[in-house]
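The values are calculated or read from the model by the stated rules, or taken from the named source; none is laboratory data. Remember, it's a predicted structure, so these values are computed and weren't measured experimentally. FYI the Cβ positions are ideal-geometry reconstructions off the backbone, even for glycines, and counts take in every protein chain you see. What goes into the accessible areas is simple: the full protein's heavy atoms, side chains included, and nothing from ligands, DNA or RNA. Shrake-Rupley method; radii C 1.70, N 1.55, O 1.52, S 1.80 Å.
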Amino acid sequence: MSKGKLQKFAEMETFKNVFQYPFSVISEVPFGMKGSWREQYFHNDNPIVLELGCGKGEYTVGLARVYPDINFIGVDIKGARIYTGARQALEGGLDNVAFLRTSIEVIDRFFGEDEVQEIWLTFSDPQMKNVHKRLTSTFFMERYRRFLVDGGIVHLKTDSNFLFTYTTYMVQANHLPVLYRTEDLYGNTLEGDRVAAHLMDEKTREILGIHTYYENQWIDRGLDIRYMKFRLPQAGVLVEPDIEIELDDYRSYKRPKRSGLTTSR
C-alpha cells in the first residue's frame, strides 16, 4: 500500500462522518447503529438516501448540498476513494452526510427495516460475468428490500449498455414500476452541466446535473449516459431474466474488455 493511501486511512480514522467496517470486522462485531442512524448520527427524522459504490462521493456530497433536509450515506469498500468525499463534506459543514466503508454484499447488516427511502447506483461495475455481483441483480434487490421502504426508489445511472439492458429486463421480469428511463440522458445536447429541458422535470434535471469522476471520463469518450429509476416493492418473489445480452466492448477507461465472449446472461 502506498504512503499516500496509508496517510489517508490514518486521517480518516479521525473523521466523524466515516464508519469503517470491512467484512473481517462486521462478521465479528455487530453494527450498533443499525436501525438508528437518524437518532444516533443525524439527530433528525429526515429521509435517508444511500449511494452504493459511491467512489469519491461526488453524488453523495452533491445531493447533500442540494437537499439539506435529506440524509445521505455513501458506501464503498475503497477507503482511499471515500476519503475525498468525506473530507469535502467535513470542510463544507455538511452534517447530513456520512460514509460507510464496507462490502455491499453485507449492506443489510447496517440498516434496519424501512430505514432507507432511496438508493443510488452511479456507474457501478457491470459485472458482465457474474450476475450475483451486479448491484441491480435480484441477489442485491433482496438485500435492499430488508431496509428499503416498501416501494422505495432505486436509481441507476450508467455508461454500460450491458448493465442498463440487464436491469431493464430484470425490472420487466419482476413488473417493477418504472418512474423514468432514458438510454441517452443528455440527448447529445450537453451544454456545460445542463440537461436538455424536454427530457425531465426540474428536480430530476438538477440531480442528474451532478457528474462523477467516472462519468466525465465516459462523456469525454462520447459514450451515452443511461438513467433509470424504479420502485422496489417488498412483496413478491423476484426472478432473474433469462436472456443473452451483448457485452460492452470495454471494461473501464481506455482499457479493453476482459473476455472474447460477445454475450452473457
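For the reader, a short list of remarks on this structure follows.
- Hey, residue 167 at pLDDT 95 or above, buried (at least 19 other Cβ atoms within 10 Å of the Cβ) and β-branched (Val, Ile, Thr) or not: yes
- Residues in the range 59-68 that are in contact (Cβ under 8 Å) with a residue 40 or more places away in the chain, crowded, with 24+ Cβ neighbours inside 10 Å and not hydroxyl-bearing (Ser, Thr, Tyr): there are none.
- Verdict on residue 114 being part of a loop (DSSP other than H, G, I, E, B), over 25 Å from residue 135 (Cα atoms) and charged (D, E, K, R): no
- Among residues of the range 123-147, those that are modelled with pLDDT of 95 or more and closer than 23 Å to residue 67 by Cβ, counted: 3
- Filter pass, residue 138 being surrounded by fewer than 21 Cβ atoms within 10 Å (Cβ to Cβ) and either of a type in the set (Ser, Thr, Tyr) or closer than 21 Å to residue 57 by Cα (or both): yes
- Boolean, residue 56 is among the basic types (Lys, Arg), in a loop (DSSP other than H, G, I, E, B), more than 19 Å from residue 145 (Cα to Cα) and open to solvent by 40 Å² or more (accessible area, probe 1.4 Å): yes
- Residue match in the range 244-265 (condition: within 21 Å of residue 117 (Cβ to Cβ) and either modelled with pLDDT of 65 or more or surrounded by 12 or more Cβ atoms within 10 Å (Cβ to Cβ) (or both)): no
- Among the criteria (1) surrounded by 15 or more Cβ atoms within 10 Å (Cβ to Cβ); (2) over 16 Å from the mean Cα position of the chain (by Cα); (3) not β-branched (Val, Ile, Thr), the one residue 6 does not fulfil is (1).
- Cβ pairs under 9 Å, 6+ apart, first in the range 131-153 and closer than 13 Å to residue 52 by Cβ, second among the small types (Gly, Ala, Ser): 134/124; 135/53; 135/124; 136/124; 144/152; 147/35; 147/112
- Qualifying residue in the range 107-119 (condition: in contact with a Phe, Trp or Tyr (Cβ under 7 Å, 6 or more places away or on another chain), basic (Lys, Arg) and within 24 Å of residue 46 (Cα to Cα)): yes
- Options 53, 35: the member that is touching a Gly at 6+ places or on another chain (Cβ under 8 Å) and at pLDDT 80 or above: 35
- Annotation note: Cβ proximity below 6 Å between a residue of the range 81-102 that is within 16 Å of residue 63 (Cβ to Cβ) and a residue that is open to solvent by 30 Å² or more (accessible area, probe 1.4 Å) and basic (Lys, Arg) (sequence gap 6+ or interchain) occurs for 82/101; 84/56; 85/56.
- Scan the range 109-122 for residues that are open to solvent by less than 30 Å² (accessible area, probe 1.4 Å) and either over 24 Å from residue 167 (Cα atoms) or modelled with pLDDT of 95 or more (or both) and the total you get is 8.
- Residue list for the range 65-91, filter: among the aliphatic types (A, V, I, L, M), closer than 24 Å to residue 106 by Cβ and modelled with pLDDT under 95: 77, 80, 82
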